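Engineer: The structure follows.
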There are 2 protein chains.
Amino acid sequence: MQKAGVFKSRGACNAVFALDDNSIIKGVATHSSGNHAAALSRAAKLRGTKAYIVMPNNSSKVKIAAVERYGGIITFCQPNLASRESTLASLIEDTDAVEIHPYNEPLVIEGQATATLELLEDYPDLDIILAPVGGGGLLSGTALAASYFCRKTIVIAAEPEQADDAYRSFHIKSFVPSINPDTIADGLRTSLGSITYPIILKYVNDIVTTSEDAIISAMKLVWERMKIVIEPSAAVPIAALMEDKIRCRNKRIGVILSGGNVDLSNLPWQHT
Amino acid sequence: MQKAGVFKSRGACNAVFALDDNSIIKGVATHSSGNHAAALSRAAKLRGTKAYIVMPNNSSKVKIAAVERYGGIITFCQPNLASRESTLASLIEDTDAVEIHPYNEPLVIEGQATATLELLEDYPDLDIILAPVGGGGLLSGTALAASYFCRKTIVIAAEPEQADDAYRSFHIKSFVPSINPDTIADGLRTSLGSITYPIILKYVNDIVTTSEDAIISAMKLVWERMKIVIEPSAAVPIAALMEDKIRCRNKRIGVILSGGNVDLSNLPWQHT
């Protein structure tokens, strides 16, 4: 329930407002197919500078419209990582904009951490905080904030079984990239970063996985009973609870509901 | 975002808890096809008594399940007012339960009024409060609370064009019943009551109407931008704002979002 419909406004705003005037004058840039692009465009607009966004040419109309609404300047690329990175590199060379990575960036991680800070202000005695994990920006911020503000609160992450690179990286203690992830939780398809992975190894207590069916059921349950529109990525921790993946008996549990951007004309339970 | 997914929990709880032990011992009873039935069942359970609910035999499975979940004892009847009333009358004769009418009941109106009380506690300087109108329980409570707690706040009601009995009753100052209303806003199909109508005539500032298309657009807008699941009936005041039916320039406006019970597998924008 925050601007751009997703936690990414926290990290994008923190990064854009932490930079000094000289650094920011030529604008900010990123490649993103989704929520970070909209959040960064909005943050740049608030700061009075430009946001250059590299988006794959198969991005959804809804996401392109969101970036445009916040004044982001879009450059389209081919829908693969190599094209995204090379297009961003030449864009930055042309514009002198500062790159703001969607998750592998301390200022962004700091911003995402504020969700947990606020949660612990409201509920200081939580035993467990649950968060989803994709690139690890939200999870790193969550784990750092919990560790810093409340020693007794542990952090557990949930990830789709069908995009379980963070789960495997965490348990074998060796980085596993995300290759062809096939999950409805579109915010959780990315690999961990060089900054987020070590933080997660050190500060996160456990990572568990959930089935696609459970993600859809959890999303529907929250819509029906809490009356809150959440996207599949946000439903993953609830799915882990529903699938009994986390020992939660007699525990006080906080869950980060990470975002609510969904295509309302294409809901997953219409296909099942 | 309250129990049973709708404001009706307020009125049902107030009525059930205001009655003394002797009055309540044989249970409470009502006829209702929807939200009041679930809310009354829950209130009775909390008070430790029984709820006898007369429901049309064509009620949706979702609504039957909600009543059963809260422990309501259902008697099915034919889907017309005569059958509902006669079935309820014989049920009350058999059980000695107390009838709690869904809206034409001062204790229920009092309970619904608490929504406006809380709204004015948070925002004491509202110029206008908007509420939908069906049977008039919520609207009567809204208007009485606004009048009592904040003299400067006026109350305007919104109603579907295709169920405009309250609109016509208000403007011609003579009661018009709701006959064959054909609106997606299923909570607003009922006629005003003998208690609610005079309150509305005296305390409500205006009633406006909205199109079905605007109701659907308003509902979708709230889902998309506020991330709150609201039902069509709750979207009607937003629809009136979107259709410019209310002079709102430079005004501070509060809107009562009345409920969020929708069938998620059958959303109206899938058909348009």
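The values are calculated or read from the model by the stated rules, or taken from the named source; none is laboratory data. Every value quoted in this text rests on a predicted model; they were computed, and no experiment measured them. All Cβ positions, glycine included, derive from the backbone under ideal geometry; neighbour counts span all protein chains shown.
Engineer: Identify all residues within the stretch A:69-85 that are more than 8 Å from residue A:41 (Cβ to Cβ) and surrounded by 14 or more Cβ atoms within 10 Å (Cβ to Cβ); write none if there are none.
Structural biologist: The answer is A:73, A:74, A:75, A:76, A:77, A:83, A:84.
Engineer: Quick check on residue A:140: is it assigned to a helix (DSSP H, G or I), closer than 30 Å to residue B:6 by Cβ, among the polar types (S, T, N, Q) and in contact (Cβ under 8 Å) with a residue 40 or more places away in the chain?
Structural biologist: no
Engineer: Looking only at the stretch A:168-185, which residues are in a helix (DSSP H, G or I) and either buried (at least 20 other Cβ atoms within 10 Å of the Cβ) or not assigned by TED's automatic domain parsing to the domain that holds residue A:137 (or both)?
Structural biologist: Result: A:169, A:170.
Engineer: Just give me the residues in the stretch B:18-41 being touching a Lys or Arg at 6+ places or on another chain (Cβ under 6 Å) and free of Cβ contacts under 8 Å to residues at least 40 places away in the same chain, in sequence order.
Structural biologist: B:39
Engineer: Now, a different point. Out of all the residues in the stretch B:48-63, is one or more of a type outside the set (A, V, I, L, M), surrounded by 19 or more Cβ atoms within 10 Å (Cβ to Cβ) and within 17 Å of residue B:10 (Cα to Cα)?
Structural biologist: Checked the stretch B:48-63: no residue is of a type outside the set (A, V, I, L, M), surrounded by 19 or more Cβ atoms within 10 Å (Cβ to Cβ) and within 17 Å of residue B:10 (Cα to Cα).
Engineer: While we're looking at this one, here's another question. For residues that are among the acidic types (Asp, Glu) and surrounded by 18 or more Cβ atoms within 10 Å (Cβ to Cβ), scanning just the stretch B:213-272, find the one that is nearest to residue B:185 (Cα to Cα).
Structural biologist: Here the residue is B:231.
Engineer: Same structure, new question: Across the stretch A:244-271, what is the number of residues that are away from chain B (no Cβ under 14 Å), part of a loop (DSSP other than H, G, I, E, B) and within 22 Å of the chain's Cα centre (by Cα)?
Structural biologist: The total comes to 3.
Engineer: Can you name the condition, by its number, that residue B:146 falls short on among (1) within 14 Å of the chain's Cα centre (by Cα); (2) in a helix (DSSP H, G or I); (3) of a type in the set (Gly, Ala, Ser)?
Structural biologist: Residue B:146 satisfies all of (1) within 14 Å of the chain's Cα centre (by Cα); (2) in a helix (DSSP H, G or I); (3) of a type in the set (Gly, Ala, Ser) except (1).
Engineer: May I ask you to list the residues in the stretch A:1-44 that are of a type in the set (D, E, K, R) and either farther than 20 Å from residue A:136 by Cα or within 14 Å of another protein chain (Cβ to nearest Cβ) (or both)?
Structural biologist: Once the filter is applied, which keeps residues that are of a type in the set (D, E, K, R) and either farther than 20 Å from residue A:136 by Cα or within 14 Å of another protein chain (Cβ to nearest Cβ) (or both), the stretch A:1-44 yields A:3, A:20, A:21, A:26, A:42.
Engineer: Select, from B:230, B:216, the only residue that is farther than 21 Å from residue B:146 by Cα, within 12 Å of chain A (Cβ to nearest Cβ) and assigned to a loop (DSSP other than H, G, I, E, B).
Structural biologist: Sole residue among the options that is farther than 21 Å from residue B:146 by Cα, within 12 Å of chain A (Cβ to nearest Cβ) and assigned to a loop (DSSP other than H, G, I, E, B): B:230.
Engineer: Given the options B:138, B:201, name the one that is farther than 15 Å from residue B:236 by Cα and either in the same structural domain as residue B:237 (by TED's automatic domain parsing) or surrounded by fewer than 22 Cβ atoms within 10 Å (Cβ to Cβ) (or both).
Structural biologist: B:201
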